[in-house]
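**Student:** Dropping a structure here in structure tokens format, bear with me for questions.
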Amino acid sequence: MRKLGFGLIWIGLIIYAFGFAPPDNPTATFNLIKNLVTGEWEGINPLIIALFNIMGVWPFIYSAVLFLDGKGQKVPAWPFVTFSFGVGAFALLPYLALRQPNPTFSGEKNWFLKAIDSRIFGAIAALSALILVGYGITQGNWTDYFYQWQTSRFIHVMTLDFCLLCLLFPTILGDDMARRGLNSPVIFWIVALIPLLGPAFYLALRPPIRVSGEGVPMNTPVTQE
């Protein structure tokens with residue numbers, strides 16, 4: 001049922017994005033994306049600037065969980081995570097459908113896995129998310145944003161993508177907590193119910209996964225007060 005559910009969401013997302021979202025203006029969309037990427041932000045609603053950059057933070061958040069998760073999967077995570085930097089949930093949903101529950105971690109961490117498992121990596125994600133959310137909320141024009149959401153396929157689908165990434169993160173959070181010996185429903189629901197900032201700060205505060213030779217048994221439960 002889990003695989004079927006993710007598969008149906010993925011198919012529904014594709015059908016909605018290309019069949020029911022507001023009409024696209026290719027020239028205007030190309031110019032907007034070009035200006036967002038190159039930093040030519042004059043005249044662009046800060047909410048859209050913030051959202052566009054947040055969609056670059058989300059793949060970093062997912063990568064900090066899924067690269068470690070993928071080490072114990074038959075299907076490698078890296079192709080899906082890599083493509084998610086460009087298309088977000090469109091790339092991640094197939095992996096979520098194909099992966100198996102994986103609450104343990106075996107083997108060793110190479111330099112890359114150590115880097116994304118570090119609290120420094122999480123702190124960078126959390127600080128980036130906090131700055132972007134603050135910038136968008138305090139400087140953005142909500143009336144203009146809602147108008148563009150109703151008239152621009154790019155803005156509409158990007159918003160939907162953001163919402164899906166918020167909703168999908170809890171589906172991998174439980175396994176990541178288990179790999180770290182975290183057994184706290186309170187932590188789970190705090191992270192799950194706070195969009196973006198919950199997952200970002202979770203990365204900054206979570207204990208690293210312990211492997212053999214680091215002095216602490218793997219997946220030793222962390223006692224919660």
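**Student:** If I ask for residues that are among the aliphatic types (A, V, I, L, M) and over 17 Å from W41 (Cα atoms), which ones from the range 116-162 would you list? If you could, list the steps in order and put the result at the bottom.
**Tutor:** Filtering the range 116-162 for residues among the aliphatic types (A, V, I, L, M) gives 116, 120, 123-127, 129-133, 137, 155, 157-158, 160.
Residues satisfying the conditions are I116, I120, A123, I124, A125, A126, L127, A129, L130, V157, M158, L160.
**Student:** Turning to a different aspect of this structure: Within the bounds of the range 83-99, is there any residue that is among the polar types (S, T, N, Q), open to solvent by 40 Å² or more (accessible area, probe 1.4 Å), at pLDDT 95 or above and in a helix (DSSP H, G or I)?
**Tutor:** no
**Student:** Please determine whether any residue of the range 44-59 is open to solvent by 20 Å² or more (accessible area, probe 1.4 Å), more than 17 Å from T159 (Cβ to Cβ) and aromatic (F, W, Y).
**Tutor:** no
**Student:** Suppose we keep only residues that are more than 30 Å from M177 (Cα to Cα) and aromatic (F, W, Y) within the range 114-155. Which one would you say is most open to solvent (accessible area, probe 1.4 Å)?
**Tutor:** Step by step, filter the range 114-155, then rank; the result is Y147.
**Student:** Does any residue in the range 23-36 that is free of Cβ contacts under 8 Å to residues at least 24 places away in the same chain come within less than 9 Å, Cβ to Cβ, of a residue that is open to solvent by 90 Å² or more (accessible area, probe 1.4 Å) six or more places away or on a different chain, and which pairs are these?
**Tutor:** Note: pairs meeting the criteria are K34/E40; N35/W41; N35/E42.
**Student:** A further question on this structure: So, in the range 60-74, exactly how many residues are at pLDDT 90 or above, open to solvent by 10 Å² or more (accessible area, probe 1.4 Å) and over 28 Å from V37 (Cβ atoms)?
**Tutor:** 0
Yes/no per residue for (1) out of contact with any helix residue (DSSP H, G or I) (no Cβ under 6 Å at 6 or more places or on another chain); (2) assigned to a helix (DSSP H, G or I); (3) within 14 Å of F60 (Cβ to Cβ); (4) not aliphatic (A, V, I, L, M):
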| position | (1), (2), (3), (4) |
| --- | --- |
| F112 | yes, yes, yes, yes |
| I124 | yes, yes, yes, no |
| A129 | no, yes, yes, no |
| T138 | yes, yes, no, yes |
| T143 | yes, yes, no, yes |
| F146 | yes, yes, no, yes |
| Q150 | yes, yes, no, yes |
| V157 | no, yes, no, no |
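**Student:** Pairs needed: first member in the range 93-114, under 21 Å from L168 (Cβ atoms); second member anywhere, open to solvent by 20 Å² or more (accessible area, probe 1.4 Å) and hydroxyl-bearing (S, T, Y); C-beta distance under 8 Å; at least 6 residues apart or different chains.
**Tutor:** Short answer, once both residue conditions are applied: L96/T171.
**Student:** Test V75 against the stated conditions and say whether it is of a type outside the set (S, T, Y) and part of a loop (DSSP other than H, G, I, E, B).
**Tutor:** On the way: of a type outside the set (S, T, Y): yes; part of a loop (DSSP other than H, G, I, E, B): yes.
Yes.
The values are calculated or read from the model by the stated rules, or taken from the named source; none is laboratory data. Note that this is a predicted model, so its numbers are computed, not measured. Cβ: placed from backbone, ideal geometry, glycine included. Neighbour counts: every protein chain shown. With ligands, DNA and RNA removed, areas are computed over all heavy atoms of the protein, side chains included. Shrake-Rupley method; radii C 1.70, N 1.55, O 1.52, S 1.80 Å.
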